[in-house]
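One structure is given here, and the rest of the page talks about it.
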Protein chains: 2
Amino acid sequence: MSRTKIKAILLNEQTDYAVTIKGWVRSFRNNQFIAINDGSTINNLQVVIDFEHTDESLLKQITTGASLQVDGTVVASLGKGQRVEVKAEKVTLLGECNPEEYPLQLKNKPSLEYLREIAHLRFRTNTFSAVFRLRHSLAFAIHKFYNEKGFVYLHTPVITASDAEGAGEMFKVTTLPFDNPPRTEDGQIDYKEDFFGRATNLTVSGQLEGELGAMALGEIYTFGPTFRAENSNTARHLAEFWMVEPEVAFFDLKDNMDLAEEFIQYVIRYALDNNRDDLEFLAQRLVEEEKSKPAAERSEMGLIEKLEFVLNNKFERITYTEAIDILLQSKPYKKKQFQYDIQWGTDLQSEHERFLVEKHFKKPVIVTDYPKDIKSFYMRLNDDGKTVAAMDILAPGIGEIVGGSQREERMDKLVQRMEEMHIPQEEMYWYLDSRRFGSAPHAGFGLGFERMVLFVSGMSNIRDVIPFPRTPKNADF
Amino acid sequence: MSRTKIKAILLNEQTDYAVTIKGWVRSFRNNQFIAINDGSTINNLQVVIDFEHTDESLLKQITTGASLQVDGTVVASLGKGQRVEVKAEKVTLLGECNPEEYPLQLKNKPSLEYLREIAHLRFRTNTFSAVFRLRHSLAFAIHKFYNEKGFVYLHTPVITASDAEGAGEMFKVTTLPFDNPPRTEDGQIDYKEDFFGRATNLTVSGQLEGELGAMALGEIYTFGPTFRAENSNTARHLAEFWMVEPEVAFFDLKDNMDLAEEFIQYVIRYALDNNRDDLEFLAQRLVEEEKSKPAAERSEMGLIEKLEFVLNNKFERITYTEAIDILLQSKPYKKKQFQYDIQWGTDLQSEHERFLVEKHFKKPVIVTDYPKDIKSFYMRLNDDGKTVAAMDILAPGIGEIVGGSQREERMDKLVQRMEEMHIPQEEMYWYLDSRRFGSAPHAGFGLGFERMVLFVSGMSNIRDVIPFPRTPKNADF
């Protein structure tokens, strides 16, 4: 008989039918009650065995982490805590799990830090199975949202010869040897001999290529890995992370903000509708985690309450200039509690963003129209000549979750910005061609997917929402 | 008024309503008829302008590739070839396109080879807009299929320190300088100083990490970029390509074959249901392309006929040993028309695979149970001690589109294979842990996404089904 998933058994109203289940032991009590999980749901299924008629050596092998097949009957449960259970007729050991060696056998609950060191096994915990089912749902919701709107999913290249975004340090990709690499006559490394015939890096963004797609297909999005070789050891940075980048022809900044807001709300709603059990577990986990914090640092809302709040309230929309004014009028500024100075023209620091989002507006905030000098060359210059049509979305507890802009579609203005910012035009002929031939207003943004998962899961370290985090000095597994 | 997409106008049964459309000029006839396209569909919309009341300088700027806004009314068309057209009330130029400079202005139809050189503009052609809308639909169908089955989409790492799959040459990922890189006392490159504190590469497969997920979440799939630093300049190889890799706990080889077959048929059916216009265009393109071939080399079936045939016929399933027997009995073997020798124990060459698929069975073929010595260490050893529970799916015109196996879940057998094949066990402790703790039978496969797009689109070069192909000496854009 083919296997029935535990999720299906728990959702099924019926009882008194035969099943075969396969999964891993989460606990075994009184030589009688096995809590078994197969990854399909956060909830375990209780299996009741007749220990008097079960081989003693098998009983000894039913340990946490062991893999079992159970043939039996689904019956109404007499015990508390579950509606149904499986009365086992036959238990078969598929894979043993020595309790003396198994790292998840610990009596004390393993810490998130320790689980990070055994990331190959942490999928087997309630917390991480919930996080990764949730991550899946968020990823699927992203594809579903854009597909329904008629966007084309465009796979922009990971290996790139362009460094034009200037978004940060890049990883080299090469097949040249470090020992005695080929050199040109004047002693430089001869990248003509490299695999691609030139120096190449890992991409920091698919945006520029995405724009090329939008200028023909109308509406595209990317969803792929991007990279930063920055030595940032924080709870919010990864060297390898996934980014979603929609790019839309004929969009202005307002259309762009509307899309981003609708998008974020859609994805959160999808998770609430499809991952309720996982979210309830993660909400409870967060409550437990925050018990160790001083009361003042605890979240004002529970996880699910927070998500519903984001669904039910429009994001605040303010200009950078308005943001600066609010900050200059704020208590922490007047009391000199901000570490960094505030003046028009400098970028907002994390402490400023958090004040705006968490203290002042208490909801997601879209900040627009930043000074041109602190933003990228491709952002559209506003009529004031000083600001660009940029937008950042700031989320409570996370900070920047989206960065975007209307793009500069006017050839002369774009070239002028490239000159000012020393972007090589010859290498970027393909980007300029999109303005040379049939240019059109367009806009887009990038959403850091792991920051989205952080926000929805209530986890606090970005390394805990990607299966195998890549950070400075860490590329395990 | 907000823009209406051309696809929506063409699908709408109504007429006599006002619209604003935005898009790019495909052609302009008689100073009166503009064929305009916005990427939402392969079909153009005809816009009729009143040239007597249109500014002459504007008329001159309505050239192929120019970007326009048209405000007007949808009316029933009197002309042939379209049901509706838009009577323009106002035409606004958004972006001009100088016909003297525009590469797609050529009188002669540009070749696919030339379009590859201007990949940043080729989205604007009918062929490539159809290919990339199709690619989108296939990607979405993949996510939809696995989501419906309860699989978890797992993002396995792109940067990896493991080279255990041995699937081919890898790209180095590094931040070390070529000039005077740090060295250890004994003169070796000191990778401890590199970003990740060790030597790292671009992944060739997410399978091994995927197995770790399957051993807890039950059913996972990856869908991400993978890399080969092989100097293969063929129509079927890319240095950077996307791969789909499902991995399923408690699956045996038959389950694996059933999943792969259902998966391929689902994705093709989705494309037929959702991209009919694009497929009909691509089918016609293929007919035109094949007119230049000798009759004997032309496809026996049209593109759509071929796809429907794959939907309506079970894949043939044979063992490697049976395949060898068929080949040894074949006409081309007896007539010495095969270039490579055939004997039990050597891998099937492309010419052999094509004979089996295109001449002998005339449909997709799943070949199973290959000799262990020509397959990877992780494939499950069959009871004969000579073969492994591998499967390759071979598709007409494409060759291998899927490679997979049941995995070796037995610790002792796995360790023995690793020793025989010189796979370092210490580095792979995390992989072995999945067998040490609660091991279970499981299986999975990898599908080369671009080969799937090739198969469904009827294109003949893999560089024409990925937006920006990466191949030896080529990383443009």
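The values are calculated or read from the model by the stated rules, or taken from the named source; none is laboratory data. Predicted model only: the values in this text are computed from it and were never measured. Neighbour counts are summed over all protein chains in view; Cβ atoms, including those assigned to glycine, are modelled from backbone coordinates with ideal geometry. We work out accessible area using only protein heavy atoms, side chains counted, and drop any ligands, DNA or RNA first. Shrake-Rupley method; radii C 1.70, N 1.55, O 1.52, S 1.80 Å.
Out of B:Met391, B:Met379, one residue alone is open to solvent by less than 30 Å² (accessible area, probe 1.4 Å), under 21 Å from B:Leu259 (Cβ atoms) and without any contact (Cβ under 8 Å) to a residue 40 or more places away in the chain. It is B:Met379.
Count of region A:287-316 residues, restricted to those that are open to solvent by 80 Å² or more (accessible area, probe 1.4 Å) and either of a type in the set (D, E, K, R) or in contact with a Gly (Cβ under 6 Å, 6 or more places away or on another chain) (or both), is 7. A residue that is more than 30 Å from B:Gly65 (Cα to Cα), surrounded by fewer than 17 Cβ atoms within 10 Å (Cβ to Cβ), in contact (Cβ under 8 Å) with a residue 24 or more places away in the chain and outside the structural domain of B:Ala249 (by TED's automatic domain parsing) can be found somewhere in region B:179-198. Of all the residues in region A:421-454, those that are in contact (Cβ under 8 Å) with a residue 12 or more places away in the chain, more than 10 Å from chain B (Cβ to nearest Cβ) and of a type in the set (D, E, K, R) number 2. Working only within region A:233-255, note down all residues that are of a type in the set (Phe, Trp, Tyr), crowded, with 22+ Cβ neighbours inside 10 Å and in a strand (DSSP E or B). A:Trp242, the sole residue that qualifies. Of all residues in region B:73-91 being farther than 11 Å from B:Leu10 by Cα and modelled with pLDDT under 95, which is surrounded by the fewest Cβ atoms within 10 Å (Cβ to Cβ)? In this case the residue turns out to be B:Lys80. Of all residues in region A:385-400, those satisfying the criterion of being at pLDDT 95 or above and within 19 Å of A:Arg317 (Cα to Cα) are A:Thr387, A:Val388, A:Ala389, A:Ala390, A:Met391, A:Asp392, A:Ile393, A:Leu394. Under the condition of being away from chain A (no Cβ under 14 Å) and under 16 Å from B:Asn12 (Cα atoms), the residues counted in region B:28-46 number 1. Residues A:Leu154, A:Leu112, A:Leu94: which one is modelled with pLDDT of 95 or more and closer than 19 Å to A:Thr20 by Cα? So the residue among A:Leu154, A:Leu112, A:Leu94 that is modelled with pLDDT of 95 or more and closer than 19 Å to A:Thr20 by Cα is A:Leu94.
Residues being among the aliphatic types (A, V, I, L, M), assigned by TED's automatic domain parsing to the domain that holds B:Met243 and either without any contact (Cβ under 8 Å) to a residue 60 or more places away in the chain or in contact with a Gly (Cβ under 9 Å, 6 or more places away or on another chain) (or both) are entirely absent from region B:128-148.
Counting the residues of region A:411-438 that are over 16 Å from B:Ile118 (Cβ atoms) and assigned to a helix (DSSP H, G or I) gives 10.
When region A:354-376 is filtered for residues that are charged (D, E, K, R) and either crowded, with 21+ Cβ neighbours inside 10 Å or under 17 Å from A:Leu447 (Cα atoms) (or both), the ones remaining, listed by number, are A:Asp369, A:Lys372, A:Lys375. Looking at region B:163-232, none of the strands (runs of 3 or more DSSP E) lying wholly inside it contains 3 or more residues that are within 7 Å of chain A (Cβ to nearest Cβ) and touching a His at 6+ places or on another chain (Cβ under 9 Å).
Against the definition (assigned by TED's automatic domain parsing to the domain that holds B:Ala271 and either of a type in the set (Gly, Ala, Ser) or touching a residue at least 60 places away in the same chain (Cβ under 8 Å) (or both)), how does B:Val415 come out, yes or no?
The answer is no for B:Val415.
B:Met428 meets the conditions (1) open to solvent by less than 20 Å² (accessible area, probe 1.4 Å); (2) over 11 Å from the mean Cα position of the chain (by Cα); (3) modelled with pLDDT of 95 or more; (4) of a type outside the set (Asp, Glu) in every case but one. The failed one is (3).
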